[in-house]
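K.L.:
This is the structure I have questions about; it appears just below.
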Amino acid sequence: MPLVPELSAAGALLVALIFVFGGTVKGATGFGLPLTTISLLPLVAPLDLALALNTLVVPITNAAQSVAYGPALSNIRICLPLVAGVAATVFLAAAAVASVGEEALRVAMGFLLIGFAALSFAAPRLRVSDRMAKPAGFAAGMAGGVAGAAFTAPGPIYAMWFAGLGLERRRFIGAMGVAMFASGLLVSGAFWASGILDGPRAAMSAACALPAFLGMWIGERLARRLDQETFRRIILLMLAGLGLRHLWIVLA
């Protein structure tokens, strides 16, 4: 009997390749693993299974990033308002996700992917004042809790807040690692409580971290050979195209 009955052997191989690709994107650009994988997984697996498989990969792959780009305690302090916001919404959002139809989630995912690509190309410059940093972080966390439960990909929301704080690159990467690790654990707990994640799916999700790490290793080496901005633009165009495909599947 397969570890996850919803997947055939061929389906499991495709899932592994998707996580290798998602890891390659993260290794080469520093972002985009969960967003890339969740845009592709529903093409080979039911959407609820796709969400479950993406769940534990996020905190596992971001744990090392949290440690490598320290200081860890300082990054944790920065992330506290955001994590509190995630905790305020993620369990309710996960319960809602478990009850809505796949078509509604596909439409939402399509608009998310297209919107993320458009914002990334536009690259708006935001600035969060010191006075508003904590309230804005809590609001970003609340939105991230909803996006994490719906797509397991709250990273773009967190990135906008951290960019608004004006963090330098190394601090930005470390804070993103802490935020994605903490919110990934909260999403995992919320999915478990709502029934999206169970024992076999959790084991398969954890196993998916292995091809993701392989992809990250490949991506880090590709980054030394490829123009990162060109590669980033190709990935953004791919995500926008996948967003259009998810909308087409539902609306055609």
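K.L.:
Sequence gap at least 6, Cα distance under 8 Å: using those rules, report the relative contact order of the chain to the nearest whole percent.
P.N.:
Reported relative contact order: 40 percent.
K.L.:
Something else: From zero up to wherever the largest Cα-Cα distance of the stretch 1-88 sits, split into 10 Å bins and tell me the percent of pairs in each.
P.N.:
15, 39, 29, 15, 2
K.L.:
Quick check: from the Cα gyration tensor, does the stretch 129-252 come out rounded (a/c under 1.5), prolate or oblate?
P.N.:
Taking the square roots of the gyration eigenvalues as a ≥ b ≥ c, the stretch 129-252 is rounded.
K.L.:
Output the relative contact order of the stretch 145-218, whole-number percent, from Cα pairs under 8 angstrom with separation of 6+ residues.
P.N.:
The value is 30 percent.
K.L.:
In addition: What do you get when you divide the Cα radius of gyration of the chain by 2.2 N^0.38 Å, with N the number of residues?
P.N.:
After normalising by residue count via 2.2 N^0.38 Å, the value is 0.95.
K.L.:
Run the helix sum for the chain: -39,500 (n - 2.57) per DSSP H stretch of 4+ residues, divided by residue count, reported at 222 nm to the nearest 500 deg cm²/dmol. Write out the running numbers ahead of the final one.
P.N.:
Details: 12 runs with 202 residues, N = 252.
The helix-only estimate for the chain comes to -27000 deg cm²/dmol at 222 nm.
K.L.:
Roll a 1.4 angstrom probe over the protein heavy atoms and tell me the percent of accessible area of the stretch 17-76 that is carbon or sulfur.
P.N.:
After summing per-atom areas, the C and S share lands at 76 percent.
K.L.:
In whole Å, what three semi-axes, largest first, describe the equivalent ellipsoid of the stretch 58-198 built from its Cα gyration tensor (square root of 5 times each eigenvalue)? Intermediate values should be presented prior to the final figure.
P.N.:
Working: eigenvalues 119, 65, 37 Å².
Equivalent-ellipsoid dimensions as semi-axes: 24, 18, 14 Å.
The values are calculated or read from the model by the stated rules, or taken from the named source; none is laboratory data. Computed from a predicted model, the values in this text were never measured in an experiment. For accessibility, only protein heavy atoms count, side chains too; no ligands or nucleic acids. Shrake-Rupley method; radii C 1.70, N 1.55, O 1.52, S 1.80 Å.
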